[in-house]
Structures are given as C-alpha cells and as structure tokens.
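Single-structure report; data block below.
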Amino acid sequence: MIIINKDVQVLNRRLAQRGISFNNKVVLITGGAGFLGSWVCDALIAQGAEVFCLDNLSSGKDENIRHLHNHSKFHLIKHDISTPIYFGKSPNNNNIQILDTQPLDFVLHMASRASPFEFSHFPLSILKANTLGTYNSLGIARAHNADFLYTSTSEVYGNPPPEVVPTPEEYFGNVNPVGPRSCYDESKRAGEAFVMAYILEHKVNAWIVRIFNTYGPRIRWGELSGRVVPNFIHQALLDKDITVFGDGSQTRSFTYVIDEIEGILTDLCTPQAKGAVINIGNDQEITILELAHLIIELTHSNSEIVYHSLPIDDPIRRKPLLKKANVILNWKPTTSLKDGLTRTIEWFKTIIEKK
C-alpha cells in the first residue's frame, strides 16, 4: 500500500493544480473494485467525496478496496450493473434492488472484464456490462441529473492501417464483428452509441474517454485474467519463461495508472470535453519484444523468451493521437515507461512475498 498511497498523493496534487476537487461530491463508480476503478475510489475518498463503489467482484477484487471498508464515506454495493438497480426513487418492483441515497453528482461507468484472455470465457457478461450496464448506468445518471463518464477503449479501433497510426478519435475502426474480440470491442462501441443516444434524447451531460493500454499496481495477472505487462513482470520475477505472442514486433503504447486516472478525471471536469470522445493514453510506442527485454533488465531476471502463435485479430499497432487531450484537456502522460515499470515491479514484489 505504501507505493499506492504515494501515487494517490501525487495524483491528487496534480488534480489540485488543475483546480479539480470532488470534495463533498457524491459519486457512483461501477467497477469500483477493479484496477482503474479502485484507484478512482482512492483518489476521490482522499479528496473528501462520498463514494458508492458498485461491483459484483467477478473480476474486481475486494482486496483492492478492503482498506476503505470502514471509511465513513465509502460504500460497497455488491451488484451486477447489467441488472437494474435504483438509487432513491424507483418503480414499485420488489425484485429490483433499491438504495436510499442522497442525490448523485457523478456516475462513472467503469465496469467490464477487459483482458483478451477472458473474451472466450466470459463473452456474455462482457457484452452485458458494456450494453445493459451502460444503459442502466445512464438511467441512474439521468434520474439524478448527474454528470456521466463512460470508459471506452482503444479496442474500438480494431486493427487500423498504418496511415491512421497514431489513431485519431475520428477513425471509425476496422473491427471484426464476429471475431474472438468482438464481445469486448463491439460492446464498447455499442456503449458509446448508448451514451450519444442519452445525450441526444435525454440531454444527459456525458463524457467518453477511450483508454489505451494501462498498467500499474493492482493490475491483475495470470493465464486467464492478466495482460502483457503484469504477466511479463510476474514471469520475470519468478524466473519463468516470458511468453511473447507472434514474433513480438506488434506495438503497444503503455500508460502508467496515475497518468491515466488524471486524464480521465480531467476529462470529466472539462466542460469543453462534454459530449466528445477523447483518447487517453500514451503516444510512446514500443514493441512487445522490446518490452520483454526491458522487464527482464529491470527485474534482473534469468527468464528466457519463448514464442507462441499470435491470437486471431490481435492488433498489430496501438498508438493514440493525443491532439484532443493536449488541446482540450491540456493533458499528456508524464511518467516514463521505465519509471512506471519500476514502481509496478516493486508492488509485484510485495505481492509475491506475501504469497
């Protein structure tokens, strides 16, 4: 927790310098026990917000928010957002959960499994979280006249051709609607459409961010739930073979978690960004093979690199165009990959030592 606490302090100093404060605000965060959601919970609680963390703990972890359980302004609601739930006034239906709360100021919909290794195991829950879950979350925001933020993904771009890398928000995507990743990328695209429909028809104040690869403490690892950075670090620290898919020439652009959260919350608090879609990520590109060698170097590992077949529809390049984030939000990531990996590795070491 020491590493996380220090980073939360850095994050909130940055937000304070921007004049962003959630003090005395009431905030609902779906997926609040997840990787990114739990960091938002920490940041907002530290600022003095009243936080309702809604999570069914299917992929989010109670250990991410356990230290907040006894905080007077933190409330954990164990619920699947893809099924209806009401805060305050609601239809007279005894089968629907009703929570008597004060009016909400913000609703952040961050709930969804997101690891590519989960797509073939949990496609229906992923689809529902980003469609029905988005619909239900928007309904809550509308009922409370709350500002709404939807965390979309770079996956909506699919596999862009070289001429649209770095990729702007105006690119409509090259997505396989029936491929192995479709449950995630197509449901995220549908989620964006839900948001725009609520803006048009119900005049909901809403913001959409497209998140690129993010890493840092609390990110999950493992054969099913992990992603490339945590899996490489975990393998390297245990001196296990590091698994690279394909020849490792595919690229990603990695953002350290507090940079990502700063961008997300800055977007939500920027009136000029309302109704827009903005990339929040890092435009420094690295190949997966270079990443593997860097992690081996930083962990002083004896791991060897082994190669497996590249998954179907795995994106060849990921690099955002950050012009909107730079101009509208005055935001860009500031943590170098080496520094961010070093902090993440230190956190992983504490986790491995506990086991």
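Tabulated data
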| quantity | calculated |
| --- | --- |
| Options 180, 217; residue that is crowded, with 22+ Cβ neighbours inside 10 Å and in a loop (DSSP other than H, G, I, E, B) | 217 |
| Close pairs (8 angstrom Cβ cut-off, 6 or more residues apart or separate chains): over 11 Å from residue 244 (Cα atoms) in the range 292-307, assigned to a loop (DSSP other than H, G, I, E, B) and basic (Lys, Arg) anywhere | 303/240 |
| Criterion: closer than 22 Å to residue 155 by Cβ, surrounded by 16 or more Cβ atoms within 10 Å (Cβ to Cβ), out of contact with any helix residue (DSSP H, G or I) (no Cβ under 8 Å at 6 or more places or on another chain) and of a type in the set (D, E, K, R) - qualifying residue of 323, 319 | 319 |
| Any hit, the range 207-221, residues being in contact (Cβ under 8 Å) with a residue 12 or more places away in the chain, among the hydroxyl-bearing types (Ser, Thr, Tyr) and within 30 Å of residue 144 (Cα to Cα) | no |
| Selection status of residue 170, surrounded by fewer than 21 Cβ atoms within 10 Å (Cβ to Cβ) and either outside any helix (DSSP H, G or I) or in contact (Cβ under 8 Å) with a residue 60 or more places away in the chain (or both) | yes |
| Selected residue (criterion: surrounded by the fewest Cβ atoms within 10 Å (Cβ to Cβ)) from residues of the range 134-151 that are in contact with a Gly (Cβ under 8 Å, 6 or more places away or on another chain) and assigned to a helix (DSSP H, G or I) | 143 |
| Output for the range 187-206, where each listed residue is touching a residue at least 40 places away in the same chain (Cβ under 8 Å) and within 24 Å of residue 121 (Cβ to Cβ) | 187, 188, 190, 191 |
| Complete set of residues in the range 114-154 that are of a type in the set (Asp, Glu) and either out of contact with any Phe, Trp or Tyr (no Cβ under 8 Å at 6 or more places or on another chain) or farther than 21 Å from residue 197 by Cα (or both) | 118 |
| When residues of the range 82-113 are limited to those that are part of a strand (DSSP E or B) and at pLDDT 95 or above, the one surrounded by the fewest Cβ atoms within 10 Å (Cβ to Cβ) | 106 |
| Condition check for residue 193: in a helix (DSSP H, G or I), closer than 30 Å to residue 104 by Cβ and at pLDDT below 95 | no |
| Filter pass, residue 79 being over 28 Å from residue 224 (Cβ atoms) and at pLDDT 95 or above | no |
| Identity of the residue in the range 114-133, part of a loop (DSSP other than H, G, I, E, B) and closer than 25 Å to residue 171 by Cβ, that ends up nearest to the chain's Cα centre (by Cα) | 114 |
| Enumeration of residues in the range 245-258 that are crowded, with 22+ Cβ neighbours inside 10 Å and not hydroxyl-bearing (Ser, Thr, Tyr) | 252, 254, 257, 258 |
| Selection from the range 59-76 of residues that are more than 20 Å from the chain's Cα centre (by Cα) and either in a loop (DSSP other than H, G, I, E, B) or loosely packed, with under 15 Cβ neighbours inside 10 Å (or both) | 69, 70, 71, 72, 73 |
| Residue match in the range 232-245 (condition: in a helix (DSSP H, G or I), polar (S, T, N, Q) and in contact (Cβ under 8 Å) with a residue 24 or more places away in the chain) | yes |
| Among residues of the range 334-344, those that are assigned to a helix (DSSP H, G or I), buried (at least 19 other Cβ atoms within 10 Å of the Cβ) and of a type in the set (Val, Ile, Thr), counted | 1 |
| Candidates 45, 29, filtered to the one that is aliphatic (A, V, I, L, M), touching a Leu at 6+ places or on another chain (Cβ under 9 Å) and part of a strand (DSSP E or B) | 29 |
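The values are calculated or read from the model by the stated rules, or taken from the named source; none is laboratory data. Predicted model, so just to flag it, every value in this text is computed and none were measured. Glycine also receives a Cβ, built like all others from the backbone with ideal geometry; neighbour counts cover every protein chain displayed.
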